[in-house]
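The values are calculated or read from the model by the stated rules, or taken from the named source; none is laboratory data. Being a predicted model, the structure only gives us computed values, none of them experimental. Here the Cβ positions follow ideal geometry from the backbone for every residue, glycine too, while neighbour counts run over all protein chains shown.
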Amino acid sequence: MSNYKEMPIAKALNAGLSQAMSANDKVLMFGEDVAELGGVFRVTEGLLDEFGEKRIFNTPIAESGIVGTAIGLAMRGYRPVVEIQFDGFVFPAFNQITTQLARLTYRSEGFLEMPVVIRIPYGGGIGAVEHHSESPEAYFAHTPGLRIVTPSNPNDAYWMMQQAIECPDPVIMLEPKRRYWQKGPVNLDTPPLPLHSARLMREGTQVTLIAYGPMVTAALQAAEIGAEEGVSIEVIDIRSLSPIDYPTIIASVKKTSRAVIVHEAPTNVSISSEIAARISNEAFYNLEAPVIRVGGFDTPYPPAKLEEIYLPDADRILEAVDRSLAY
Amino acid sequence: MLQLLAPDGTYGVPKGYEKYGKLIEDLDEDTLKTFYRDMARIRRFDIEAIALQRQGQLGLWVPAIGQEGAQIGSGYAVGKNDHMFPSYREHGVALTHGVELMSILKMMRGVNHGGWNPEETRFHLYAIVLATQVLHAVGYAMGVKLDGKVGTGNPEEDLAVISYMGDGATAEGDVSESLLFAAVNESPIVFFIQNNQWAISAHIDSQTKAPLYTRGEGFGVPGMRIDGNDVLACYAATKLHMDQARAGQGPFLLEALTYRIGAHTTSDDPSKYREDAEVEQWKAKDPIVRFETFLRRQGVGDDFFDEVTAAGDQLAKEIREQTFALQNPPMENIFNHVYSDQHPEIDKQRAWLEAYEAQMGDHE
């Protein structure tokens with residue numbers, strides 16, 4: 001029998017970090033306000049008392065410096081985990097992430113490994129001011145050399161954090177900030193899946209809903225409502241945005257013949273663009289309808305009083321499901 | 001400015017700089033001859049590399065002619081455990097720490113993007129995006145401090161880091177962030193700026209209002225200016241401040257005032273933006289000529305200089321032959337080491353390209 005514990009995503013991330021830091025004393029955690037305060041979302045709360053100021057420390061407010069020094073520490077044999085305080089603040093580090101972190105293993109022909117984890121709370125729905133609600137995943141998914149993952153529930157948060165830290169490659173861990181306090185059971189004994197595998201969340205027969213991060217909850221709500229209305233919806237949480245587990249997606253779409261992809265980010269040149277292209281390549285003869293995408297609009301993230309309209313929700317998803325079924 | 005060797009080859013220790021002069025007095029004749037031999041060697045290499053680029057053998061060359069004093073002097077001051085983070089013009093520093101010169105040519109030819117082992121040589125890979133390496137150097141130095149390898153007093157254990165950058169790179173935000181992180185962490189690092197006066201076509205006067213050696217002050221990093229064309233000043237200042245960093249005294253900044261005699265790269269045309277007279281003025285301060293004068297006054301004779309010239313010609317011949325013999329990299333190098341761990345998309349694309357190439361047959 002496995003040992004389960006109920007906890008919210010933020011606590012599960014914290015527990016995963018604590019596990020990884022206990023398991024390997026080369027694991028460091030640093031960023032803005034992560035030490036005494038425990039981060040603005042308290043994801044690193046208590047780690048300073050547990051591990052001391054050599055293992056977890058605050059940095060100056062300079063994101064390029066945070067990622068650039070993490071690279072140097074990785075060269076010295078450490079496994080740095082860094083926190084970027086909000087999604088909209090990662091861009092000062094964009095150069096270090098894309099031209100350095102992502103390429104040093106390639107540039108050095110394998111002499112260097114870059115086991116760096118960049119944690120970024122991302123996505124909207126918390127009524128925040130500008131630059132606190134962004135979904136920047138496509139920028140990073142376009143960059144060879146990076147791995148990008150996003151948990152949607154506490155169990156995945158706990159295990160994916162540890163798996164990301166064990167990975168010899170750089171991993172960007174996108175944390176769905178508006179779901180931080182969503183609770184669920186965590187299996188403390190056994191990891192559920194490899195880091196880059198998608199998960200079939202709910203079986204269905206008529207249409208496949210593909211979602212990740214904060215939108216998995218919305219997709220599951222849509223499936224629940226759909227079931228009440230007599231529509232059988234399958235839900236896949238892809239969990240990893242680079243690489244994407246296409247075999248799981250394609251198998252599902254071959255079964256249902258319909259796909260709707262959901263995310264918060266603008267749909268133009270997005271994760272859903274890529275998945276739609278791959279479905280058309282690999283499941284063309286199985287499709288009964290074009291792949292439909294539900295996402296943010298191709299606008300900057302709007303002011304908070306408009307975000308409820310802007311963000312996809314169960315209704316927007318079901319409207320897309322209806323369009324798919326109408327073909 | 002610390003200068004121990006005047007452009008006319010006269011040696012003298014300015015008042016207040018006695019601790020630097022002392023480090024030169026500790027050097028034996030063989031070491032001084034090594035400084036000269038390597039300055040001459042790297043210049044000969046540089047001239048040959050320009051020729052190889054002109055003949056289409058290299059995609060690009062980045063000449064360092066005129067900066068040999070700064071590079072050989074500082075390079076020999078770096079200790080046996082210390083780590084170096086270069087920009088992309090530090091061929092002389094590479095030479096002082098056993099990096100195969102052919103590795104640099106391979107990179108400039110387009111055989112690879114780096115290809116030497118930075119852990120083994122302690123000379124890290126060239127960084128083409130300006131100033132990125134400076135933050136890596138600070139992170140590395142932070143790690144050295146975490147490891148407890150600073151200030152133990154055991155020369156077998158302690159180490160420090162030196163980060164090279166040009167005057168142009170100092171404008172990048174990463175340099176400011178590096179100075180700040182190193183200062184608050186009290187990292188064991190020396191920032192070594194080679195101010196060669198020109199950031200491609202932009203003169204230093206348009207790149208900074210305050211002298212570069214003062215750049216660290218507001219961050220809490222003290223600095224000093226040294227004559228970058230004086231190999232002895234570069235050696236002494238780097239040695240002293242690396243020793244201090246290793247002993248736990250925190251970061252320091254050195255601005256080596258030098259001059260880029262050649263073009264920024266072989267794609268550049270300096271005649272569009274600077275006067276020949278300025279170049280001539282700096283040629284009169286040449287680091288190699290001045291050191292030769294000094295050595296001859298010390299009693300070093302023609303035999304030695306003839307031997308160095310012959311060795312340079314031999315080196316040029318060897319690198320020509322080795323460059324002509326370079327093979328193109330295998331096709332799989334497109335995909336190798338993108339990730340350390342297995343990656344399904346990379347594997348799939350590699351397999352596709354292999355099948356495609358096999359089907360298309362021989363291109364020749």
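For the reader, a short list of remarks on this structure follows.
- Residue in the range B:290-298 that is among the basic types (Lys, Arg), over 30 Å from residue A:114 (Cα atoms), surrounded by 15 or more Cβ atoms within 10 Å (Cβ to Cβ) and touching a strand residue (DSSP E or B) at 6+ places or on another chain (Cβ under 7 Å) present: yes
- Elements of type helices (runs of 4 or more DSSP H) in the range B:267-340, at least 1 residues being touching a residue at least 40 places away in the same chain (Cβ under 8 Å) and of a type in the set (Asp, Glu): B:287-297, B:302-324
- Boolean, residue B:119 is closer than 17 Å to residue A:75 by Cα and either surrounded by 20 or more Cβ atoms within 10 Å (Cβ to Cβ) or facing chain A (nearest Cβ under 10 Å) (or both): yes
- In this structure, residue A:125 does satisfy being outside any helix (DSSP H, G or I), surrounded by fewer than 22 Cβ atoms within 10 Å (Cβ to Cβ) and in contact with a strand residue (DSSP E or B) (Cβ under 9 Å, 6 or more places away or on another chain).
- Subset of the range A:4-53 [among the small types (Gly, Ala, Ser) and within 24 Å of residue A:178 (Cβ to Cβ)]: A:10, A:12, A:15, A:16, A:18, A:31, A:38, A:39, A:46
- Wholly within the range A:1-105, strands (runs of 3 or more DSSP E) carrying at least 2 residues that are crowded, with 24+ Cβ neighbours inside 10 Å and not β-branched (Val, Ile, Thr): A:27-31, A:79-83
- Scanning the range B:119-153 for residues that are at pLDDT 95 or above, of a type outside the set (Lys, Arg) and part of a helix (DSSP H, G or I) yields a count of 15.
- Within the range B:308-364, considering residues that are under 27 Å from residue B:58 (Cα atoms) and among the basic types (Lys, Arg), the one surrounded by the most Cβ atoms within 10 Å (Cβ to Cβ): B:320
- Residue within the range B:146-159 that is crowded, with 18+ Cβ neighbours inside 10 Å, of a type outside the set (Gly, Ala, Ser) and more than 13 Å from chain A (Cβ to nearest Cβ) present: yes
- Qualifying residue in the range B:77-95 (condition: at the interface with chain A (Cβ under 10 Å from one of its Cβ atoms) and surrounded by 23 or more Cβ atoms within 10 Å (Cβ to Cβ)): yes
- For the range B:116-134, the criterion of being of a type in the set (A, V, I, L, M, F, W, C) and under 22 Å from residue A:28 (Cβ atoms) is met by at least one residue.
- Note on the range A:136-154: residues that are within 10 Å of the chain's Cα centre (by Cα) and assigned to a loop (DSSP other than H, G, I, E, B) amount to 3.
- Scanning the range B:1-41 for residues that are in contact (Cβ under 8 Å) with a residue 24 or more places away in the chain, exposed (fewer than 13 other Cβ atoms within 10 Å of the Cβ) and acidic (Asp, Glu) yields B:8, B:29.
- Only residues that are within 22 Å of residue B:38 (Cα to Cα), part of a loop (DSSP other than H, G, I, E, B) and among the polar types (S, T, N, Q) were counted in the range B:93-116, giving 0.
- When residues in the range B:105-116 are screened for being modelled with pLDDT of 95 or more and facing chain A (nearest Cβ under 7 Å), 2 of them pass.
- Scan of the range A:134-177 for residues that are more than 13 Å from chain B (Cβ to nearest Cβ), farther than 19 Å from residue A:265 by Cβ and of a type in the set (D, E, K, R), ordered by number: A:156
- Pairs meeting the criteria (first residue in the range A:255-282 and assigned to a loop (DSSP other than H, G, I, E, B), second residue small (Gly, Ala, Ser), beta carbons under 6 Å, at least 6 apart or on different chains) are A:258/A:289; A:258/A:324; A:267/A:295; A:270/A:138.
- Residue in the range A:192-202 that is surrounded by the most Cβ atoms within 10 Å (Cβ to Cβ), counting only those that are more than 14 Å from chain B (Cβ to nearest Cβ) and assigned to a loop (DSSP other than H, G, I, E, B): A:193
- The range A:158-191: number of residues that are of a type outside the set (D, E, K, R), assigned to a helix (DSSP H, G or I) and closer than 25 Å to residue A:71 by Cβ: 6
- Meets criteria (of a type outside the set (S, T, N, Q) and more than 14 Å from chain B (Cβ to nearest Cβ)) for residue A:119: yes
- Out of A:151, A:115, sole residue that is of a type outside the set (Gly, Ala, Ser), within 26 Å of residue B:160 (Cβ to Cβ) and in contact with a Phe, Trp or Tyr (Cβ under 9 Å, 6 or more places away or on another chain): A:115
- Residue within the range A:236-246 that is over 11 Å from residue A:207 (Cβ atoms), surrounded by fewer than 22 Cβ atoms within 10 Å (Cβ to Cβ) and free of Cβ contacts under 8 Å to residues at least 60 places away in the same chain present: yes
- Residues satisfying the stated conditions in the range A:10-54, i.e. farther than 17 Å from residue A:158 by Cβ and aliphatic (A, V, I, L, M): A:28, A:34, A:35, A:37, A:40, A:48
- Being free of Cβ contacts under 8 Å to residues at least 12 places away in the same chain, more than 19 Å from the chain's Cα centre (by Cα) and within 14 Å of chain B (Cβ to nearest Cβ) is a property that residue A:107 has.
- Number of residues in the range B:61-76 that are surrounded by fewer than 24 Cβ atoms within 10 Å (Cβ to Cβ) and aliphatic (A, V, I, L, M): the value is 1.
- Listed conditions (1) at positive phi; (2) touching a strand residue (DSSP E or B) at 6+ places or on another chain (Cβ under 7 Å) are all met by residue B:151, apart from (2).
- If you go through the range A:94-104 and keep only what is more than 9 Å from chain B (Cβ to nearest Cβ) and either acidic (Asp, Glu) or over 17 Å from residue A:167 (Cβ atoms) (or both), you end up with A:94, A:98.
- Of all residues in the range A:220-233, at least one satisfies being in contact (Cβ under 8 Å) with a residue 24 or more places away in the chain and in a strand (DSSP E or B).
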